[in-house]
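Worksheet: one structure, shown below.
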Amino acid sequence: MNRSWDRRAMLRAGILGATAAGLGQWPAWAQTGTPGIADPLPEESGGDIHLRIGHATMRIDGRDRLAIGINGGAPAPILRLREGRPVRIRVDNSLDEETSLHWHGLILPFQMDGVPGVSFPGIAPRSSFTYEFPVVQAGTYWYHSHSGLQEQLGLYGPIVIDPAGTDPIASDRQHVVMLSDHSRLPPHVLFRKLKQEPGYFNMQRQTLAGLLAGRDQGLKDRLDWGEMRMDPTDISDVTGSTYDYLVNGHGPRDNWTALFRPGERVRLRLVNASAMTIFNVRIPGLKMTVVQADGLDVRPVAVDELQITVAETYDVIVEPAEDRAYTIVGEAVDRSGMARATLAPRLGMVAEVPPLRRRPVADMTDMGMDMSAMEGFEMDMSMRNPANAPSVAMGPGVQTLSPMPKDRTGEPGQGLADAGHKVLVYRDLVARERNPDVRAPTRSIDIHLTGNMERYMWSFDGKTLSEARDPIPIRVGERVRVNLINDTMMAHPIHLHGHFFELVTGHGDHAPRKHTVNVAPGGLVSFDVTGVEGDWAFHCHMLYHMHAGMMRVVQVRAEGGAA
């Protein structure tokens, strides 16, 4: 017991604690170990691109880490493409295991989508595969392995697609800012530890000292939640106790730096390429104007902070007028660590790094109980009442069912309700142009996001991918409304391959179109989608949730086909 307490206390001290002389009250992990690194990721461009997947080394905060990368490096290079020009990408696999590359967010023939066992066989060891597809869009996207847990090892990179004509988003310069997470532990070890003890990496649990000091939950709430075997501090499965949080492959001490000249209009292409981490992004002292979401233009909206879930991208414009440095903050949603970079006129400049904020604690809304809607009503608030979800296969993989899930697209992300400044919410997003398909859906599909955190089991409708033998059927061109109902107390970034869908947030024919959406704990998200022919992966983008089975195949066929 004492060893466990000492370990946690020392870890907390390492995260929040001591500082080096001359650096002020900066956390140890934020101390600059170099004058700054301004080198962007390497870049590959043109109509013919050659990529080689193999073992590589990542140097994070001065220490080498084993990785899987492309062309000798990890993360992978930026792919710079142009709208309207087809691309041919030859991928050589020099590993002794199967690999793959998925082009996240790109609209292409399903055979080129890169999901082994769904849209192609995979790339066998010591063999090659050539992807060929038209480039029909512009914007910021990314690519990553869809084989095993390779993505966690560094097999991911950004995609920047320039528009065919003049870019409607004017800027003087631009930078890719790719956020990710990396552990010294191999990914299969992380997964095994989660299966053995789901809270293994949570070093921020409630304590007796916190109770006596009046922090977090009161005694009754703690006892009630304990009786339900639920931990309100279980915000992230894998935390800063093992993760380093990276910007373009660099740790906080590396101080990756994006350069600017005062008065310039700077475009930052934000990509969350992490395996398991939702980030809260802000630049103290600067407003960010969001101009793209998931690669598609939106009406500009000025914010102080945004939450970017796993696999999303946002493009923002900042206009630093002063000859000074600014800190780019990518705080993990559970506040166990931070990705940090610098925006500055010159290399070697630094700005104050803000301390980590108090970590959020889940509440009844996160449990799927909308207390405001319950007033005056008699309801069965059982957390496992099958009447709340008749379509869910009840079994050991279903720990809870939300009694009253609610649409939370108008709320800031978890832990940001009291941020004290403007935080982006999904309802702020409005498509810049009228959507290409504004027909009303002809039917709806309810999909429950289910899990058992105690056993680390994750699924859709109570069934894992291996248990759900039948795909989700849609017809080519059919308009379908999909309702995602989160029956768990964790956020789930849900991604549909090969499609953009329109979020139902009250904006009609200018609804924001996305390929990935974060479904808040106890939340409900609805989107409309038009079927595109093919077999498409549909899954939670938390890597270990997907690996545990939170995935299905969406099969889109023409009239008279299997659907």
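Coordinate-derived values only; no laboratory data. All values derive from a computational prediction rather than experimental measurement. Cβ sites come from the backbone with ideal geometry, for glycine too, and all protein chains shown count toward neighbours.
Amide H contacts under 5 Å for Ser147: Ser100, restricted to partners 5 or more places along the chain or on a different chain, H placed in the peptide plane at 1.01 Å from N. 3J(HN,Hα) along the range 426-432: 4, 6, 6, 7, 10, 4, 5 Hz, from the Karplus curve 6.51 cos²θ - 1.76 cosθ + 1.60 with θ = phi - 60°, whole Hz, x for Gly and Pro.
Between Arg384 and Ala419, residue separation times 0.36 nm minus the direct Cα-Cα distance comes to 9.3 nm. In this structure, the amide hydrogen of Gly154, modeled 1.01 Å from its nitrogen in the peptide plane, lies closer than 5 angstrom to those of Ile68, counting only residues at least 5 positions away or on a different chain.
Put a dot 7 Å past the Cα of Thr166, heading toward its Cβ, do the same for Glu559, and the two dots end up 4.3 nm apart.
For the range 239-321, the list of trypsin sites (Lys or Arg not before Pro) that fall in a loop by DSSP and count at most 15 other C-beta atoms within 10 angstrom reads Lys287. Taking each residue as 0.36 nm, the span from Glu197 to Asp39 lengthens on full extension beyond its C-alpha to C-alpha distance by 52.9 nm.
Calculate, for Asp64 and Asp509, the FRET efficiency according to 1/(1 + (r/R0)^6) with r their C-beta to C-beta distance and R0 35 Å; round to the nearest 0.05.
That gives a FRET efficiency of 0.10.
Modelled spin-label separation between Glu83 and Asp96, with each label point placed 7 Å from Cα along the Cα-to-Cβ direction: 4.6 nm.
Long-range amide H contacts for Leu95: which residues qualify at under 5 Å (H placed 1.01 Å from N, peptide plane, sequence gap of 5 or more or a different chain)? So Leu95 has HN proximity to Arg126.
Between Val438 and Asp363, take the C-beta separation as r, use R0 = 35 Å, and let me know the FRET efficiency to the nearest 0.05. The partial results should precede the final answer.
On the way: r = 37 Å, r/R0 = 1.06.
Calculated value: 0.40.
Quote the FRET efficiency, to the nearest 0.05, computed for Asn483 versus His55 with a Förster distance R0 of 60 Å and r equal to the Cβ-Cβ distance. Using R0 = 60 Å, I get an efficiency of 0.90.
For the range 400-453, trypsin sites (Lys or Arg not before Pro) are listed when DSSP marks them as loop and at most 13 other Cβ atoms sit within 10 Å of their Cβ; the list is Arg434, Arg439. Packing around the peptides 66-79, 462-475, taken as the average count of other Cβ atoms within 10 Å per residue, puts them in this order, highest first: 66-79, 462-475.
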